[in-house]
Amino acid sequence: PTLPPLFAIAYHQSRWNYDDEHDVISVNKGYEMNDIPMDVVWLDIEHTDSKKYFTWDSTRFPNPARMQKKLWKYGRRMVTIIDPHIKREDGYHIHEEAEKKQLYVKCQNGSSYQGWCWPGLSSWIDFLDPEIQQWWSSRMQLDKYSGSTPSLFTWNDMNEPSVFNGPEMTMHKDAVHFRNVEHRDVHNIYGLLQHQATTEGLTIRSGNKTRPFVLSRAFFAGSQRYGMFACRCA
């Protein structure tokens, strides 16, 4: 297993949700004033532009790089959520590229698989394809993820995958992945493959000089090679 970065086992501040950049900086200031150790601030989906991953709400977070650098002055990192479902919206660069390059899981008729998750109508990246994994990893680079800095890390959530209107709230078993493999045969490794691609992207971003931090909600045998995973107990 990969050793996590030291800050991974420190105190992380996370809630749903921070109002804006000022709110984040105010929370940071509160920890300083009260001399409470804290290493990481997490942002849930509301930090994005209309729940589109790899974006920022330009009104509430107009300068995300500046915000991250303010935290880094105190040795603190930031984590943002990036799920595998992509909002189907014209003009959204991730969706348009994924549709053009055929990066989505398919239906039996060859069309892009569609379902509902947090953004509304969405499609899911096909992480079974090694080339698509490489494409996803490239999205983590500073020149591709606008507003990101070296102190920004990742939370992969909803990657079982969750499909709100799917059978048992997940992907249809006959959905088609790379090389015509049906989802029924790869369901348990879908989240692992996203976790792997994200971790590899952050490793490339640092030139293999720093250990990445990626938290995944879904996991399988081998997930420990790529980072942390969440465990929710009743």
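Numerical summary
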quantity: Segments 212-223, 26-37, 50-61 sorted - mean Cβ within 10 Å per residue, highest first; calculated: 212-223, 50-61, 26-37
quantity: Diffusion constant of the chain at 20 °C, which comes from Stokes-Einstein with the Kirkwood Cα-pair radius and 1.002 mPa s, µm²/s; calculated: 117 µm²/s
quantity: Computed [θ] at 222 nm, deg cm²/dmol, the chain (DSSP H ≥ 4; -39,500 (n - 2.57); rounded to nearest 500); calculated: -7000 deg cm²/dmol
quantity: Rounded to 5, the percent of DSSP beta bridges in the chain classed as antiparallel; calculated: 45 percent
quantity: Normalised convex hull volume, the stretch 171-222, alpha-carbon set, Å³ per residue; calculated: 91 Å³
quantity: Fully extended contour minus Cα-Cα distance, from I25 to Q224, at 0.36 nm per residue; calculated: 68.4 nm
quantity: Hypothetical label at S50: residues of the stretch 102-124 whose amide nitrogen lies under 14 Å (7 Å Cα-Cβ projection); calculated: 119-122
quantity: Per residue accessible area in Å² of the chain, where ligands, DNA and RNA are left out and the probe is 1.4 Å; calculated: 49 Å²
quantity: Kirkwood-Stokes translational diffusion coefficient of the stretch 51-190, alpha-carbon pairs, 4 °C, 1.567 mPa s, µm²/s; calculated: 81 µm²/s
quantity: Amide H within-cut-off set for R139, under 5 Å, with H built and near neighbours excluded; calculated: none
quantity: Amide proton proximity set for M228, modelled H, under 5 Å, gap of 5+; calculated: V214, S216
quantity: Whole-angstrom gap from the stretch 77-127 to the stretch 167-181, using each part's C-alpha centre; calculated: 14 Å
quantity: Antiparallel bridges, percent of DSSP beta bridges restricted to the stretch 34-172 (to nearest 5); calculated: 55 percent
quantity: Pairs of alpha carbons in the stretch 29-124 whose separation is greater than 17 Å (percent); calculated: 59 percent
quantity: Neighbourhood charge, 13 Å Cβ-Cβ cut-off, centred on P4 and excluding it, Lys, Arg +1 and Asp, Glu -1; calculated: +2
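The values are calculated or read from the model by the stated rules, or taken from the named source; none is laboratory data. Computed from a predicted model, the values in this text were never measured in an experiment. All Cβ positions, glycine included, derive from the backbone under ideal geometry; neighbour counts span all protein chains shown. The area values use the complete protein model at the heavy-atom level, side chains included, leaving out ligands, DNA and RNA. Shrake-Rupley method; radii C 1.70, N 1.55, O 1.52, S 1.80 Å.
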